[in-house]
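> Sharing a structure below in structure tokens format, with a few things to ask.
The values are calculated or read from the model by the stated rules, or taken from the named source; none is laboratory data. Everything quoted here is computed from the prediction, not taken from an experiment. Backbone-built Cβ (ideal geometry, glycine too); neighbour counts: all protein chains shown. When the accessible area is computed, the model is the full protein with side chains, heavy atoms only, and any ligands, DNA or RNA have been set aside. Shrake-Rupley method; radii C 1.70, N 1.55, O 1.52, S 1.80 Å.
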Amino acid sequence: MKSLKKEYPLHIMLIPGVIVTLIYAYGPMAGLVMAFQQFEPLSGFFKSDFVGLDNFRYVFNLPDFKQVLWNTLVIAIIKMVLSLLVPLILALLLNELTKKWFAGFIQSAIFLPFFLSWTVLGGVIIELFSLNGPINGLISSMGLEPIMFMLDNCWFRGIIIGSDVWKGMGYNMIIMLAAITGINATLYEAAEVDGAGKWKQMLNITLPGIAPIIILLSVLGLGGILNAGFEQILIMYNPTVYAGADIIDTFVYRLGMFSQQFGPAAAVGLFKSIISLFMVSTTYYAAYKFNNYRIF
């Protein structure tokens, strides 16, 4: 109670945020009851027929569901790995630049795409890789046949992953650079005295020093392992590439909005949330158990 009295102004400041969270994050969770109903919009939650686990059985037996789940895992895992690896490499390289003005320019240029929405970037990427776009123009000028990037499953998946990493790498790079600058400079001085070069300094000082941040980003990434980029894929994909790019979120969108199957769509969403909760809990426990790292 003494601590509460001392910190009550901070608790009061939290009230608006808590209210917004309850309304927009926890309030809609009441709609999960649709996953167990033959939901009819005109009947509402209370008058729709209860069907138990029938919606889950129906969804899991759909011929496209396994492919959708596989697409989601492949795209999300590759995105997660590259979204950690690429910013880490960039942060290490930028940290070694001696010209601060040049490092700042490169940093800003890399960070800029993060502020652009997928509505803008999606249109740009579609134009770049279209049949008559500049990429195919360059290919044609070399005497090669144009490639239908946006209609080929293999190429399209690579474009989805590459563009997402390109857009978001600046954010993680800034976080890692901040962690690197927080490392005690005397450690590097001592390493130089002992004859350690840049490579050994990176392996023995820099990487261990930013390991907690890497673990944190990994934990947060694994929590969204089934989030493969709904907005990005919805804007850029088409029926031709469903086999290689259709993910759980776009599958739910089509199932609920186009087919009007609200119960099965809610069942898929609930399934995804349970898997995500399990993954983030497991990863957080592993980080605490093996590296003694805690977020809270």
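> Sort out the exposed loop trypsin sites (Lys or Arg not before Pro) in the chain (DSSP loop, at most 14 other Cβ within 10 Å) and tell me the longest stretch that has none. Intermediate results must be reported in sequence, preceding the final value.
Numbers: sites that count: LYS99, ARG294.
So the longest stretch without any such site is 100-293.
> How far is the Cα center of region 216-264 from the Cα center of region 24-65, in Å?
So the two Cα centres are separated by 18 Å.
> Equivalent-ellipsoid semi-axes (√(5λ), Cα gyration tensor) for region 79-164, whole Å, largest first? Intermediate results must be reported in sequence, preceding the final value.
Details: eigenvalues 177, 50, 37 Å².
Ellipsoid half-lengths, sorted descending, are 30, 16, 14 Å.
> Kindly point out which whole DSSP H helices in the chain project their C-alpha atoms 18 angstrom or further along the helix axis while averaging a Kyte-Doolittle hydropathy of -1.0 or above. Could you put the intermediate results ahead of the total?
Working: long enough: 2-21 (28 Å, 0.52); 65-95 (45 Å, 1.90); 153-181 (41 Å, 0.84); 207-223 (23 Å, 2.22); 262-291 (43 Å, 0.86).
Membrane-span-like by this criterion, though nothing is claimed about a membrane: 2-21, 65-95, 153-181, 207-223, 262-291.
> If you don't mind, there's one more thing I want to ask. Kindly provide the pair-distance distribution of the chain built from C-alpha pairs, with 10 Å bins from 0 and whole-percent values in order of increasing distance.
Cα pair-distance distribution for the chain, in percent: 5, 19, 25, 25, 17, 7, 2, 0.
> Sort all Cα-Cα distances of region 29-180 into consecutive 10 angstrom bins from zero, then give the percent of pairs in each bin up to the one containing the longest distance.
For region 29-180, the binned pair fractions read 9, 23, 23, 23, 14, 7, 1 percent.
> Quick one: net charge around GLY168, please, counting Lys, Arg +1 and Asp, Glu -1 for every other residue with C-beta under 13 Å from its C-beta. Could you put the intermediate results ahead of the total?
Values: positive: LYS79, LYS167; negative: ASP164, GLU231.
Net local charge, GLY168 excluded: 0.
> Quote the Stokes-Einstein diffusion coefficient, in whole µm² s⁻¹, for region 81-125, based on the Kirkwood radius over alpha carbon pairs, a temperature of 10 °C and a viscosity of 1.306 mPa s. Before the final figure, lay out the partial values.
On the way: Rh = 12.0 Å.
In µm²/s, the coefficient is 132.
> What's the magnitude of the charge dipole for the chain around its Cα centre, counting Lys and Arg as +1 and Asp and Glu as -1 at the beta-carbon? Answer in Debye, nearest 20.
On the way: 17 positive and 16 negative charges, 176 e Å.
About 840 debye.
> For region 126-274, what is the convex hull (Cα atoms) projected area averaged across all directions, in square nanometres? Numbers along the way, then the final one.
On the way: hull surface 53.4 nm².
Over every viewing direction, the Cα hull of region 126-274 projects on average to 13.3 nm².
> Hey, could you pull the Cα Rg and Dmax for region 23-101, both in Å?
22.7, 69
> Probe radius 1.4 Å, ligands and nucleic acids ignored: give me the carbon and sulfur share of the accessible area of the chain as a rounded percent. Before the final figure, lay out the partial values.
Details: 12670 of 18120 Å².
Of the solvent-accessible surface of the chain, carbon and sulfur hold 70 percent.
> Using a probe radius of 1.4 Å on heavy atoms only, what accessible surface per residue do you get for region 1-117? Whole Å² is fine. Please list the in-between numbers first.
Numbers: 8590 Å² over 117 residues.
I get 73 Å² per residue for region 1-117.
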